[in-house]
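In what follows, a single structure is set out as structure tokens and then discussed.
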Amino acid sequence: MSDLHDAPARMDPHSLALAVNTKPFNVYFYKTVDTLHEVMAPGYFDEAVEHLIRKHDRVEVVASAGGDAEFATLVVSLVSNPRGGAKSVVVSKLGRR
């Protein structure tokens, strides 16, 4: 039996806002009380498929908004939305090489 508190954190779709719409990639803003570690967890952004998020889109994140805020720019590296299958959005931190 599982407790609701054991469930992984999930994105709040109402906190995701399209900021810049361009052809190469879109930029979204996302603010949450979840930690950056939780935001980076697999499956966290899966609901973003419903917002038409695309590969190479950017997400400007303000995490831990209720305390010491953490900031990151994330890039969408994979979006999967098969018919009748599980939707998936994979993100990683944007960094220099």
Report summary line: If we ask which residues in the stretch 50-70 are under 13 Å from the mean Cα position of the chain (by Cα) and either under 21 Å from Val33 (Cα atoms) or among the polar types (S, T, N, Q) (or both), their number turns out to be 7
Query raised in the report: Got a number for residues in the stretch 78-88 being loosely packed, with under 15 Cβ neighbours inside 10 Å, polar (S, T, N, Q) and within 12 Å of Phe45 (Cα to Cα)?
Result: 1
Query raised in the report: Which of the residues spanning the stretch 76-97 are of a type outside the set (Ser, Thr, Tyr) and either in contact (Cβ under 8 Å) with a residue 40 or more places away in the chain or at positive phi (or both)?
Result: Gly84, Ala86, Lys87, Val89, Val90, Val91, Lys93
Query - Top-ranked residue in the stretch 39-62 [being aliphatic (A, V, I, L, M) and within 15 Å of Asn26 (Cα to Cα); ranked as modelled with the lowest pLDDT] - result: Leu52
Query - Close pairs (6 angstrom Cβ cut-off, 6 or more residues apart or separate chains): of a type in the set (Lys, Arg) in the stretch 9-36, in a loop (DSSP other than H, G, I, E, B) anywhere - result: Lys31/Ala65
Query - Of the criteria (1) assigned to a helix (DSSP H, G or I); (2) of a type outside the set (Ser, Thr, Tyr); (3) farther than 16 Å from Ser92 by Cβ, which one Pro24 fails - result: (1)
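The values are calculated or read from the model by the stated rules, or taken from the named source; none is laboratory data. These numbers come from a predicted model, not from an experiment. As a convention, Cβ positions derive from the backbone with ideal geometry for all residues, glycine included, and neighbour counts pool all protein chains shown.
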